[in-house]
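A.B. asks: My questions will all concern the structure given below.
Computed from the coordinates by the stated procedures, all read-outs in this text should not be read as laboratory data. These numbers come from a predicted model, not from an experiment. Ideal geometry is used to build each Cβ from the backbone, glycine not excepted, and the neighbour counts take in all protein chains shown.
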Amino acid sequence: MGSIKWKMATLYMALVVTVMISSGVFILFTLQNNSYREVFRQNEYTAERIVDIFGMQTLSEEDTPQKVFGTILTPLMIENINTSAGGDDTKDIYLLSDRGDLIYSRDPDITTADLSSRALIDVQSGQTMKKIYVHKLTDGNTVGDYALSFMLPQNKQSYIIFIRQSMTSVENNISRLTADILITTMIGITIAGVLALLMARSVSRPIVELSDRTKQLAAGELVVEPETGEGAGAEDASKKGKGKRVSLKERSTHDELDQLELNFNDMAVELTTSINELKAMEQMQKEFVANVSHELRTPITTIKSYVDTLLDSDLEDKEMSRRFLTVVSHESDRMTALITDLLELSRMDAGQIEKKKEPIEMGRLMLTCLNDLEWDAGKKGQDIEWAQDVRL
């Protein structure tokens with residue numbers, strides 16, 4: 001039965017680990033998606049704000065888009081835009097032509113090749129970005145790219161605003177959360193292991209007891225624990241199968257295994273009661289057979305005694321012969337009646353006839369018994385006297 005306990009504990013642990021890992025992965029995935037959506041929202045707002053400011057500028061012949069864009073992207077302006085967007089200053093903003101050539105960058109070392117991104121390819125192909133494009137640079141840093149294509153009303157030319165934002169803070173948050181989830185998972189698995197052992201032991205205990213009871217029944221030991229009562233009296237009552245027992249409806253239990261154990265206990269009690277009843281019936285049958293044998297032997301003995309006496313005596317004494325033959329006839333009738341009664345009892349047990357109660361004459365019954373005993377008493381020199389009560 002120990003294997004059942006460990007199987008249940010293992011199954012419980014597997015379920016707990018599966019749920020905790022699935023929950024952790026779901027939380028991390030949700031946090032990552034929410035973080036990426038927030039970065040996308042911030043960059044989308046920043047790009048649209050820059051386009052609005054750029055569109056409100058007046059371009060003279062000396063003003064180039066590069067010069068105007070540089071004027072817009074002052075540190076103070078970028079800080080104000082980032083504050084409105086709810087982001088930070090860990091982003092670089094570039095102005096590119098519709099063909100992807102770099103027009104403006106605050107970092108003079110940046111070239112068009114450094115800005116290679118799937119976001120630019122999607123925008124140049126006419127697609128609208130719906131999410132941030134996250135990837136790793138050659139230096140190992142993770143960045144998120146966003147691009148927005150727009151047309152400048154002043155010169156009717158198309159440009160692309162390209163924003164590259166560092167995702168270090170997002171990655172750090174996810175890493176910290178991953179570590180917290182791992183620690184929480186380990187603690188949860190430890191607690192779940194202890195609870196699994198306790199639960200498995202609690203569940204397997206009734207099964208072990210039920211198995212022991214089954215072995216006792218198989219070995220013929222039908223003694224069960226008393227359900228009610230105290231002391232030796234209750235134990236004796238349970239052994240006899242006649243102890244006071246509580247019905248299932250009166251029991252307060254919410255455990256199916258405990259209920260099964262109680263039902264099994266009821267079955268053992270019922271078996272004990274049935275076996276005791278069968279033993280009692282067997283004893284009654286033995287006594288009945290002994291009584292029937294005695295009842296049959298008595299008339300046979302009487303008949304044999306009278307017949308032997310007739311054979312040994314003078315048969316010319318007709319009065320004595322007639323008297324003896326009358327007794328023999330009476331005993332024969334008695335045997336016939338006894339056999340008839342046995343047949344009726346057999347038919348009653350089979351349910352073929354109904355039992356009927358009839359009155360009898362006690363005086364006549366007593367006279368019959370005295371006549372049966374008179375000859376034996378005479379041989380022993382004994383006299384039998386009997387005075388009949390008028391009420392009989």
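A.B. asks: Set the bar at 22 Å for Cα to Cα. Now go through LYS304/LYS380; LYS304/LYS379; LYS286/LYS357; LYS286/LYS379; LYS130/LYS156 and name every pair that lies beyond it. Could you put the intermediate results ahead of the total?
C.D. replies: Values: LYS304/LYS380 17 Å; LYS304/LYS379 14 Å; LYS286/LYS357 25 Å; LYS286/LYS379 32 Å; LYS130/LYS156 26 Å.
Checking Cα-Cα distances, LYS286/LYS357; LYS286/LYS379; LYS130/LYS156 exceed 22 Å.
A.B. asks: A further question on this structure: Note down the net charge around TYR306, summing +1 for each Lys or Arg and -1 for each Asp or Glu among other residues with Cβ under 10 Å from its Cβ.
C.D. replies: Residues near TYR306 contribute 0 overall.
A.B. asks: Tell me the label-point distance for the pair SER97, SER158, using the 7 Å Cα-to-Cβ offset, in nm and rounded to one decimal.
C.D. replies: 1.4 nm
A.B. asks: Starting from the Cα of THR142, step 7 Å along the direction of its Cβ; do the same at LYS357; then give the gap between the two resulting points in nm.
C.D. replies: 9.8 nm
A.B. asks: Separation of segment 139-173 and segment 175-221 by C-alpha centroid, Å?
C.D. replies: One Cα centre to the other: 55 Å.
A.B. asks: Now for a different question. Provide THR10, THR128 in ascending order of the number of other Cβ atoms located within 10 Å of each residue's Cβ, fewest first.
C.D. replies: Sorted ascending by nearby Cβ count, the order is THR128, THR10.
A.B. asks: While we're on this one: Cut-off is 10 Å between beta-carbons; in what order do TRP386, TRP6 appear when sorted fewest neighbours first?
C.D. replies: Neighbour counts put them in this order, fewest first: TRP386, TRP6.
A.B. asks: Tell me, in nm to one decimal, what length is gained between SER274 and SER211 on full extension, where the rule is 0.36 nm per residue of separation less the Cα-Cα distance?
C.D. replies: Additional length available on full extension: 20.5 nm.
A.B. asks: May I pose another question? Using the 10 angstrom Cβ neighbour count as an exposure proxy, how do PHE26, PHE264 rank, fewest first? Intermediate results must be reported in sequence, preceding the final value.
C.D. replies: On the way: PHE26 10, PHE264 17.
With the fewest neighbours first, PHE26, PHE264 line up as PHE26, PHE264.
A.B. asks: Using 0.36 nm times the number of residues separating ASN33 and ILE191, minus their current alpha carbon distance, what extension gain do you get?
C.D. replies: Difference between extended and current length: 53.8 nm.
A.B. asks: Between SER202 and LYS304, what is 0.36 nm times their sequence separation minus the Cα-Cα distance? Round to one decimal in nm.
C.D. replies: Extending this stretch completely gives an extra 29.1 nm.
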